Amino acid sequence: MPEGEKPANVYVSALEQLRGAVEKLKLDPGVARLLALPKRELTVHFPVRMDDGSLQIFTGHRVQHSVLRGPAKGGIRYHPDVTLDEVRALAMWMTWKCAVVNIPFGGGKGGVVCNPKVMSLGELERLTRRYTTEITPIIGPEQDIPAPDVYTNPQTMAWLMDTYSMHKGHTVRAVVTGKPVSIGGSEGRVEATGRGVVITGLEAAKRLGMDITRCTVAVQGFGNVGAVAAQLIEREGARVIAVSDSRGGICNPKGLSVSAVLAHKAKSGSVVGFPGSEPVSNEELLTLKCDILIPSALEEQITERNAARIHARLIVEGANGPTTPAADRILFDRGITVVPDILANSGGVTVSYFEWVQGIQEFFWTEEEVNERLKAILTRAYGQVHDMADKHRTDLRNGALMLAVSRVAEALRIRGVYP
Ligand code: GLU
């Protein structure tokens, strides 16, 4: 076991969610057991030369949960709290996410236990190149396609693509998505996850009869997902009253100018201290008085400890796994609508799919085309999830999981079991 392993709560939650869908779908117990386990797991320990000349040893994982519907797909996370169980849960959620939006991928995830905030660009490049080399045997455009996640970005993906390509002796564009546009990335990919959060959030608001121009919004996490979602929902006429990042949060009931907060963060490194705002903790932000809550940071934020105190009528999950199953039950009883992660944040992997397709075809689309196709896919998926939930008198999370799990189980049934 790698050092610093924390209890396996997230994986337990993912399994509990799966169990709920399996029971409702009355799946064969053998099939259910298969879907509960990752198909393939690789853990690597590898050295990186640090700037001070010392050798530091890092631990990384790459988990492929399922390849039944296509190559494994999912991001790579750099974070001090990464564990194998966390990566397992995230890989499983990627399988369901790709199935919900019906793109031809399975699910995978990677993670390296490190603190990128205290590492130089050179150290991060060497870590990325060595980790890529270590997982090269199991990744590839037709096997497993990484992408950005927490604290990784287009630059990380460029190093990954370059390293993989050096080993192969030629440029392999489609081994990774979320690359910079200048080397074969897709227009609209950087904004895609946040854009999808807003598309699905608006869809939910419409069905709840909420007028977005009268809504207040709190956003936890101001990274690639939260900051973009805040900007786009503000553009729709909503009032963003609170945002936060890993250092803390800020609140102004009259509304924050999201572009001004972005400029403040670019200068100071955090949203904290934004002029005219009150400080709030990440915990307090979740229970603020607002109409829409967008958790866009890490897992297990909304739990049985705070679910009864949530004010929002609508929660749109930008993060993966921000709500525990116990909290889900409380929110359901209180009539709070949750647009689940595997639907709400699936915009990122959907445009990753577009990027992969464009790279293979060597034919690139405009940003308008990308955004239009993204909206069409997410709107269709939302409708299908909603219908499934309605039919089985359950919440959107169960509806989304049932839709996804049934698609994966159908792929297994029709492919058959080898040999
Ligand atoms: N890391 C993102 C997610 O959790 C994107 C994955 C991808 O584009 O493959 O959905």
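What follows draws every value from the coordinates through simple rules; no lab data is involved. As the structure is a computational prediction, the values presented were derived from the model and not from experiment. We place every Cβ from the backbone using ideal geometry, glycine too, and count neighbours over all the protein chains shown.
So for the chain, considering every pair of alpha-carbon atoms, how many percent are separated by more than 37 Å? Numbers along the way, then the final one.
On the way: 15853 of 87571 pairs.
In whole percent, the share of Cα-Cα pairs in the chain beyond 37 Å is 18.
About the Cα centre, and with charges only on the beta carbon of Lys, Arg (+1) and Asp, Glu (-1), how big is the dipole of segment 305-419? Nearest 20 debye, please.
Details: 14 positive and 14 negative charges, 144 e Å.
Dipole size: approximately 700 debye.
Annotation: amide H-H contacts under 5 Å for Glu304 (H modelled 1.01 Å from N, sequence separation of 5 or more, or interchain): Ala327.
Restricting things to alpha carbons, find the Rg to Rh ratio for segment 164-224 using the Kirkwood radius for Rh. Intermediate values should be presented prior to the final figure.
Working: Rg = 18.1 Å, Rh = 14.8 Å.
Reported Rg/Rh (Cα atoms, Kirkwood Rh): 1.22.
Across segment 259-265, computed HN-Hα scalar couplings (Karplus, 6.51 cos²θ - 1.76 cosθ + 1.60, θ = phi - 60°) run 5, 5, 5, 4, 5, 5, 5 Hz from first to last residue, x flagging Gly and Pro. Bridgeable lysines around Lys254 (alpha carbons under 17 Å apart, same-chain partners fewer than 8 residues away excluded): Lys289. In this structure, the pairs whose alpha-carbon distance is over 30 Å, taken from Lys39/Lys168; Lys109/Lys267; Lys117/Lys375; Lys26/Lys73; Lys109/Lys391, are Lys109/Lys267; Lys117/Lys375; Lys109/Lys391. For segment 219-250 versus segment 340-389, the inter-centroid distance based on Cα atoms is 22 Å. Dividing the convex hull volume of the alpha carbon atoms of segment 132-235 by its residue count gives 117 Å³ per residue. Residue ranges 195-205, 140-150, 261-271 sort as 195-205, 140-150, 261-271 when ordered by packing (mean number of other C-beta atoms within 10 Å per residue, highest first). Within a straight-line Cα-Cα reach of under 15 Å, Lys265 can be paired with the following aspartates and glutamates, leaving aside sequence neighbours fewer than 8 residues apart in one chain: Asp245. By its C-alpha gyration tensor, with a ≥ b ≥ c as the square roots of the eigenvalues, how is segment 171-290 shaped: rounded for a/c under 1.5, else prolate for a/b larger than b/c, else oblate? Taking the square roots of the gyration eigenvalues as a ≥ b ≥ c, segment 171-290 is oblate.
Express as a percent, rounded to the nearest 5, the fraction of DSSP beta bridges in the chain (both residues included) that run antiparallel. Mind showing how you got there, number by number?
Values: 24 of 48 bridges.
Roughly 50 percent of the beta bridges in the chain run antiparallel, per DSSP.
Among DSSP bridges having both ends in segment 185-313, what percentage is antiparallel? Round to the nearest 5. Antiparallel bridges make up about 45 percent of those DSSP assigns within segment 185-313. Sequence-ordered 3J(HN,Hα) estimates for segment 117-127 from the Karplus curve with 6.51, -1.76 and 1.60 and θ = phi - 60° stand at 5, 9, 10, 7, 4, x, 5, 5, 5, 5, 4 Hz, glycine and proline given as x. Remark: segment 214-220, residue by residue, has Karplus-estimated 3J(HN,Hα) of 10, 8, 9, 9, 10, 10, 8 Hz, where x stands for each Gly or Pro and the curve is 6.51 cos²θ - 1.76 cosθ + 1.60 at θ = phi - 60°.
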